[in-house]
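Before any comments, here is the structure.
The values are calculated or read from the model by the stated rules, or taken from the named source; none is laboratory data. Note that the coordinates shown come from a computational prediction; the quantities given were computed from them, not determined experimentally. Here Cβ is always computed from backbone atoms with ideal geometry, including for glycine, and neighbour counts include all displayed protein chains. Side chains are part of the model used for accessible areas, which takes the heavy atoms of the whole protein and leaves out ligands, DNA and RNA. Shrake-Rupley method; radii C 1.70, N 1.55, O 1.52, S 1.80 Å.
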Amino acid sequence: MSGRSVLVIGGGVIGVASAYFLTREGWEVTLLDKGEICAGSSYGNAGLVVPSHVVPLAAPGVWWQGVKWMLNSESPFYIKPRPSVELARWLWQFRSACTPGRMRQAMPLLRRLGVESLALYRELAEKGGFDFGFRQPGSMTVFFTPEGLAHGQEELRLLREAGVAVEMLDGAAARSAEPALRPGVVGALFCREDALLVPDRFVKGLAKLTESLGARIATASEAIGFRTTGDRIDAVQTTRGAFSADTFVLAAGAWSPDVGRALGLRVPIQPAKGYSLTYRRPARGPAIPLLPAEGRFSVTPMGQFLRFGGTLELAGMDLSINRRRVNALRRSALRCIEGAEELELLEIWRGLRPCTPDGLPLVGRSRRYNNLVLAAGHAMVGMSLGPVTGKLVAQLVSGSPAPADIGLLDPERFG
């Protein structure tokens, strides 16, 4: 080996972005995935790039709201009852993280990462040589109840405190900005810097660009074990043989805990199943991404398509389709936008988002193996933070000084 070889495990947005920035820095990169590139959560997500999302999943009030929802199989947040020590530990740590102090500690980091990632997306849209439907129309968090609007006022204060360019619109102004909204909207937060893209076009396009720069991509190659010597990994054993490298990057999303167990590592990620419904976009469909606050879902216009995405279901590594949850997502969208009853359904999708207990990803070097970097656990902002995470991984592998505040992302912070 040359001393400059890196093997990345995971063909979603985090793994592909890591492979891209490593290849650009002159590393000999091999990218592995157990399936195809962009076959998991990176395929059917909402496609939002949201530097405005500075509040982590584990935020004050979320735990108690989740307790009200968690036993309702149609609610935005649902926990499927099952005996699991790992789930119980994760829920306890999640509850402990839902504090004002932890939230305020995380907000500046999420803001910086989001802004940097947006800039990298702009650069790739302008110079990457492939079209992934990047647009920057802003995003609109909409409220249909006075209670939701009251929470919106508090969110407005937090966002402005974090430096987000946001304005509060009344119901009439919201409908004027986005005529596809139904009349019942009482207000909205408009974040003008937010952007959108077509996620599978981005990930697959970036993978092709990375391959053209010299990286090797091996699909249908599932990691099933490792060869190690002391505190170093020598090779990953896969269903297509063994792959050696000098450095390894674990970026397998919700599958990272399974891969980590083969190394004796506990990766504190729970898979959270989400759904999306993709429709043919009507002529008078929304032009701005919509985030109806009370329903906790998204409506994203993607060129000729319109995608509804949402729900959070802690059900383990379960990829079955719960039709009740799919129907609940569709009904929520019907209440939000005009003409939704007539939409032509093209695809029902589900995927597993990798969620950590505190809502922050795991990005950093392993303490047990000195040639392993972890990059996983991005929950609902994996697409948004993909490029900046890839750049951080390249810095960590190269030994370049990483920003001081990424200590909050320490993969072993939960013990």
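Summary table below
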{"quantity": "Translational diffusion coefficient (Stokes-Einstein; Kirkwood radius from C-alpha pairs) of region 233-328 at 37 °C, 0.692 mPa s, in µm²/s", "calculated": "196 µm²/s"}
{"quantity": "Residue-normalised accessible area of region 282-343, given per residue in Å² at a 1.4 Å probe", "calculated": "43 Å²"}
{"quantity": "Cβ-based charge dipole, the chain, positive-most Cα from S212, A223, P60", "calculated": "A223"}
{"quantity": "Kirkwood Rh, angstrom, region 174-219 [1 / mean 1/r, Cα pairs]", "calculated": "14.4 Å"}
{"quantity": "Accessible area in the full protein assembly, largest first, 1.4 Å probe, for H378, H151", "calculated": "H151, H378"}
{"quantity": "Highest-MSF residue in the chain out of G274, G260, G44 [GNM, Cα springs under 10 Å]", "calculated": "G260"}
{"quantity": "Cα Rg, Dmax (largest Cα-Cα span) when computed across region 294-415, Å", "calculated": "18.6, 56"}
{"quantity": "Accessible-area composition of the chain, carbon plus sulfur, in percent [1.4 Å probe]", "calculated": "52 percent"}
{"quantity": "Against the rule of thumb 2.2 N^0.38 Å, how large the Cα Rg of region 7-159 comes out", "calculated": "1.28"}
{"quantity": "Virtual spin-label span in nm between V115 and A173, 7 Å along Cα→Cβ", "calculated": "2.4 nm"}
{"quantity": "Proximal charge balance of P60 [Cβ under 13 Å; K/R count +1, D/E count -1]", "calculated": "0"}
{"quantity": "K391, K208, ranked by accessible area, largest first (probe 1.4 Å)", "calculated": "K208, K391"}
{"quantity": "Accessible-area value, T145, 1.4 Å probe, nucleic acids and ligands omitted, Å²", "calculated": "50 Å²"}
{"quantity": "Chain lengthening between A39 and F130 when straightened (0.36 nm per residue, less Cα-Cα)", "calculated": "30.8 nm"}
{"quantity": "Helix 13-24 axis, angle to the chain major axis (alpha carbon atoms, nearest 10°)", "calculated": "50 degrees"}
{"quantity": "Extension gain from R160 to S398, taking 0.36 nm per residue of separation minus the Cα-Cα distance", "calculated": "82.1 nm"}
{"quantity": "Gyration tensor (Cα) of the chain, equivalent ellipsoid semi-axes in angstrom", "calculated": "34, 23, 20"}
{"quantity": "Label-point gap, in nm, between N327 and S84 - each point 7 angstrom along Cα→Cβ", "calculated": "2.5 nm"}
{"quantity": "Nearest-10 value in Å² for the accessible area of I406, using the 1.4 Å probe", "calculated": "20 Å²"}
{"quantity": "C-alpha long axis of helix 85-97 to longest principal axis of the chain, angle in °", "calculated": "60 degrees"}
{"quantity": "Translational diffusion coefficient (Stokes-Einstein; Kirkwood radius from C-alpha pairs) of region 287-335 at 10 °C, 1.306 mPa s, in µm²/s", "calculated": "133 µm²/s"}
{"quantity": "Cleavage-rule hits, GluC sites (Glu not before Pro), region 306-415, DSSP coil, Cβ neighbours within 10 Å at most 13", "calculated": "E344"}
{"quantity": "Where labels lie 7 Å past Cα in the beta-carbon direction, separation of D318 and E342 in nm", "calculated": "3.8 nm"}
{"quantity": "Gain upon complete extension [R266, Q237; 0.36 nm per residue less C-alpha separation]", "calculated": "8.5 nm"}
